[in-house]
1. If I stretch the segment between VAL119 and SER69 completely, what's the gain in nm (0.36 nm per residue apart, minus their alpha carbon distance), one decimal?
2. Take the solvent-accessible surface of the protein heavy atoms, probe 1.4 Å, and return the percent of it on segment 182-251 that carbon and sulfur atoms account for.
3. Roll a 1.4 Å probe over the protein chains and send me the accessible area per residue for segment 360-451 in Å².
4. Would you work out what percent of the accessible area of segment 22-117, with all protein chains in place, is carbon or sulfur (probe 1.4 Å)?
5. With the full set of protein chains in place, find how many percent of the accessible area of segment 352-451 is carbon and sulfur; take the probe as 1.4 Å.
6. Would you list ASP187, ASP143, ASP108 from the most to the least accessible area, probe 1.4 Å?
7. If each residue of separation counts as 0.36 nm, what is the full-extension length gain between ARG441 and LEU217 once their alpha-carbon separation is subtracted?
8. Translational D (Stokes-Einstein, µm²/s) of segment 374-417 at 4 °C and 1.567 mPa s when Rh comes from the Kirkwood sum over C-alpha pairs?
Amino acid sequence: MRTLGTVSRPAAPGRDGPTGKSLWIRHGTWWLHPAWTGVLVALPCLAVTWYIPDQDYRLWWRTPKYFDSAACLTTLLLLGAFVVGAIAPSLARRRSIVRGSRVTPTADQQRILAQAGRVFVVLTLIGYAVWALLAISRGYGGDQLGSALLLNRDTLIGAKEEYFSTAPGVTTLTQFGPLAIVCLLLDRRISGHHHRWALALLAALVLARVLINAERLALFEAVVPVIVVAAALRSGRSARPRHRLWWALLPMVAPLLLAVVFGLFEYTRSWSDRYQHEHIGVGEFVMLRLGGYYATASNNSAVLLTHLAPYAKLPCFTIPVIWNFPILKSLFNVHGALDAGPHHWMLVLAQYGNPEFNNQGAILPAVADYGPVGALVWWAVIGLLLGVCYRALRAGELHGLVLYAVLYVGLLEMGRIFYWGLGRAFPVIAGGILLAVLLRRAGPRAAGEGT
């Protein structure tokens, strides 16, 4: 089995040999497999969407229920295609990963990882600095900041719309933050450099963004890669039984953790801004709000398929990042190619659903873009690519670990949105692929069997 940790011959010409610092692959984190994650995320969301009756949709989330048996069956088929694609790499190579496999980066790989971490930190800081300067130039100051910290009503969401609108291509640099965190954490384990100030600064910026800009997804994007790295790697060759049990059972406590974190930040967002003066308790509000995010997402997919997709001329809903680029957006709008595209989604929701719950869902939009057969192929290919990346991680390949850590966010969002097609995901995916290519090239040309 190929690993980077058991090279039995001299390094290739022009490359440094192994550094001698090993990162041991943790076993027992079964849920990291993309097939398991997809099922554990998508099936509960599908069940909630299917079993809640129409009258409760109208009462709780002020939208009719459109998700019928046909939509449910189609979702299950597409999820099945994803699972088949995800497990295919493991079936194609029947040799199991040897227990005790490890990652031992070469000196070149360590150097690339450290340099990439510094570059991504700088790019992230530039993005946040420009964003802050734009907000200040639009009138954001001490009064607005004080109101946000005091959770005054109509402060957070209003400030997000008035002061913190993004500058495409510049503020998007903030999305390199998760990659910077992954690089710094791995370099910390490999070289022993702590990077305390850089990590603390990145964490503070993310928390400020979550609070002041009411952007909970930014916290998710930063924390999930950290969890993946911690779950994939252990500190030593021998794993403690209680640690192994904890990581194996993490999916059992994850829903509770999600509810707690969601409730904490939703309290500072929608509850403080709009709902605390309505006659509903905060606990009930959090549960209805959390359930609504996922139930209405799949329900909205049915709205999209019925009322918007038939009029779209291009695959708009799985790859909105392409059509949101300023030049392409203007070009295709001139020719009427996006007359029924994602920019009209809120108009459709205002007529048929509830614009407050505007997630399009993750799985069914592929049918709108590529048709039923094309959607099956689409999800099978996505599963295959993630399966290959996961296989590389388990085989002890550094590039697989880095790339899978940042891609895993999209897996956890499969019940709500197609994350990988969003503009905010483009920098971290593109940067992750580039870094993975560089790390692979800097590794040894051949590796021996695991120990």
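1. Stretched fully, the VAL119-SER69 segment lengthens by 13.1 nm.
2. Carbon and sulfur atoms account for 67 percent of the accessible area of segment 182-251.
3. 32
4. About 65 percent, which is the carbon plus sulfur part of the accessible surface.
5. Of all accessible area on segment 352-451, carbon and sulfur atoms account for 71 percent.
6. My answer, sorted largest first, is ASP143, ASP108, ASP187.
7. 77.4 nm
8. Rounded to a whole number, D works out at 117 µm²/s.
The values are calculated or read from the model by the stated rules, or taken from the named source; none is laboratory data. Computed from a prediction, not measured in an experiment: that's the story for all the values here. Remember, those area values only see protein heavy atoms, side chains included, never the ligands or the DNA or RNA. Shrake-Rupley method; radii C 1.70, N 1.55, O 1.52, S 1.80 Å.
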